[in-house]
Amino acid sequence: LEELNSLENLKFEKLERQLDFPRQRIDYSETIMKKLKIFFSSSHITNSLGKKFDRELTFESVDVWFDSKGYTLAPHTDDSRIKLAIQIYLGTGDNIGTCLYDGQENIIETFQYKFNCGYALLNNAVSLHGTTGVVDNDLRKSLYVRYQ
């Protein structure tokens with residue numbers, strides 16, 4: 001995580017399905033992304049998560065996201081190919097977290113934006129989640145890992 005404190009000279013790009021959103025990710029060609037991919041795709045990590053969540057998992061991808069002023073995300077479920085998603089917050093300061101919602105979009109849990117904290121979410125038809133508001137100050141930085 002310390003390597004992510006220095007962002008100078010890193011290449012960024014927009015997410016495929018969020019081209020109009022104020023969100024970027026570190027390009028996969030960057031060394032830090034290659035290291036994160038090796039870590040999260042390791043059989044030790046994948047098998048441990050599979051055991052914890054009683055699912056057979058296959059690593060899909062890892063992103064480091066930078067959400068800037070104006071970013072918000074309405075309640076949604078992830079792509080049906082994703083079985084498990086993990087989000088770990090990387091920034092400090094006051095920023096928006098992530099909420100889990102019931103079927104009527106009432107908040108049932110909020111994960112506060114705190115450095116090195118986050119959540120793991122099994123993806124299914126009722127795993128609604130989204131942001132608690134709008135990014136209006138510092139960058140909202142997070143690591144997002146997907147398993148199929």
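Here are the numbers:
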item	result
Residues in the range 35-66 that a label on L4 would reach, taking backbone N under 14 Å of a point 7 Å out along Cα→Cβ	35-40, 62-66
Cβ-derived FRET efficiency at R0 30 Å, N116 paired with E16, nearest 0.05	0.65
Reachable aspartates and glutamates from K141, criterion Cα separation under 17 angstrom, eight or more residues apart if same chain	E2, E3, E8, E13, D27, E30, D63, D67, D94
Accessible area, probe 1.4 Å, largest first, for residues S6, S80, S42	S80, S6, S42
q = 0.32 Å⁻¹, the range 106-148: log10 I(q)/I(0) [Debye, one scatterer per Cα]	-1.45
Mean Cα-pair separation over length for the chain, i.e. relative contact order, pairs under 8 Å, 6 or more apart, %	28 percent
Area of H129 that stays accessible when all protein chains are in place (1.4 Å probe, Å², to 10)	10 Å²
Net dipole in debye of the chain [+1 Lys, Arg Cβ; -1 Asp, Glu Cβ; about Cα centre; nearest 20]	400 debye
Choice from L73, L100, L121 showing the highest fluctuation, given a GNM over the chain with Cα pairs closer than 10 Å	L73
Sequence of C117, C99 from largest to smallest accessible area, 1.4 Å probe	C117, C99
Mean ellipticity per residue at 222 nm, deg cm²/dmol - from DSSP H runs of n ≥ 4 across the chain, formula -39500 (n - 2.57)	-4500 deg cm²/dmol
D (Stokes-Einstein, µm²/s), Kirkwood Cα radius, the chain, 1.567 mPa s at 4 °C	81 µm²/s
Cross-link pairs K51/K83; K51/K114; K37/K69; K11/K52; K11/K83; K34/K114 - those with Cα-Cα distance over 23 Å	K51/K114; K37/K69; K11/K52; K11/K83; K34/K114
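The values are calculated or read from the model by the stated rules, or taken from the named source; none is laboratory data. Only a predicted model underlies this, so the values are computations on that prediction, with no experimental measurement involved. Glycine gets a Cβ as well: all are built from the backbone with ideal geometry, and neighbour counts include every protein chain shown. SASA here: full protein model, heavy atoms, side chains in, ligands and nucleic acids out. Shrake-Rupley method; radii C 1.70, N 1.55, O 1.52, S 1.80 Å.
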